[in-house]
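Here is the structure we will look at.
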C-alpha cells in the first residue's frame, strides 16, 4: 500500500522521456534543523517581550518571523515551475560513475541557485540556472555491475535562500546507462599463422617500417624493438615497432582462451581488456562469446559493438 502511494505521489507524469515541469503539488517543504532553532529562538524572544512589555521586542520578533516566512516562500519558488528534460547516457565501465544528463530550464525572470540533485545520497550534484536560461547537469551513480543500469528515483532539493526550510521533489525519468565490464589488462592471445594475414615472413614482409611507439601492457614481448630500446639506456619505456602498408594483425578473441579457473565476470573483464588493447594497437579482431560471435572488424564502431556484446552477454 505504501509503495503504491509513493508511486502515485512521486512518479514522473509523462512517458519518462519528455520534459517535465514541477507543479505546486510536486514540491514539498519542511523546516530544517536551523529553521526549528530559529522558531524556538523567536518563541523565547516573544515570551521575554511579553513578560517585560517591550514594544520593540514585539516588533523585532514579528520582523524576524516575517523574514522567515518570506524565506519559506522563496525556497518553495526556487523549485516551483522548473522544467527538467532527460538526456542520453554514455556507456561507462564497471567501477566508474555513470552520468545521467539532465537539462534544467528556467523561464522565470529570476535565477534559481543552489539546486541539489541526487539518486545516491553520497553523490550529490549542485546546479544553478540563470534567469530565462537553461543549464546542463548530470546525476551520478556508481556502476557496480555490467549491463543496464536503470536510474532510480532522483531527489531534487534546495534550501535557498536562508537555509531555514528544505524544499524537495522526487523525479523518475525513464533513463538507463549501459555498463561495460571492467577491463583487465592482460597480454593479448598469440596470433596464429593464419591470423597474421601476410606478416608471417617477419618485419620485412609486405609492410614498410613506420617508426616506434611506447610499449603497452597488452603488447607481446616478441614485438619489442630491443636494440632501439637499449640505446635509451632504460630511461624510457620499451619501444614497439610499427609498420605501414600491407595488412594488420588479425586476432581471434575467444571465450575459451580466457582463464578457465576464473569466474565468468573475470573472464569477461579479460576479454574486455583484449578488445581495448587490440583496438589501441590498430588490429582487426573477432570476438567469440558463449552466446554470440562477432565477425572480424576494427575501428570505433566495431569496438563499441564488442563492448556492448560483452556488457549484455549471458554466461
Item to check | Segment residue 259-residue 304, length gained on full extension (0.36 nm per residue, minus Cα span) | outcome: 13.8 nm
Item to check | Spin-label model distance (nm) - residue 214 vs residue 107, 7 Å beyond Cα toward Cβ | outcome: 5.2 nm
Checklist outcome for this item: The simple spin-label model distance between residue 30 and residue 96, using points 7 Å out along Cα→Cβ, in nm, is 3.8 nm
Checklist outcome for this item: Here the FRET efficiency for residue 83 versus residue 39, based on Cβ atoms and R0 = 30 Å and rounded to 0.05, is 0.35
Item to check | FRET efficiency, residue 122 to residue 280 (Cβ-Cβ, R0 30 Å, nearest 0.05) | outcome: 0.35
Next on the checklist: For the pair residue 266/residue 312, report the inter-label distance in nm, with labels modelled 7 Å from Cα in the Cβ direction.
Outcome noted: 2.8 nm
Checklist entry - For the stretch 2-178, what Kirkwood radius comes out of the mean inverse Cα-Cα distance, in Å? => result 18.2 Å
Checklist entry - When the chain is fully extended, how far beyond the present Cα-Cα distance does residue 74 get from residue 18, taking 0.36 nm per residue of separation? => result 17.4 nm
Checklist outcome for this item: A student asked for the Cα radius of gyration and Dmax of the stretch 88-170 in angstrom ought to give 14.3, 44
Next on the checklist: Given an 8 Å cut-off on Cα distances and at least 6 residues of separation, report the relative contact order of the stretch 2-178 as a percent.
Outcome noted: 28 percent
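Readers should treat all values here as calculations from the given coordinates under stated rules, not as data from a laboratory. Small disclaimer: the values here were computed from a predicted structure and weren't measured. Quick reminder, even Gly has a Cβ in these numbers, built from the backbone with ideal geometry, and neighbours come from all protein chains shown.
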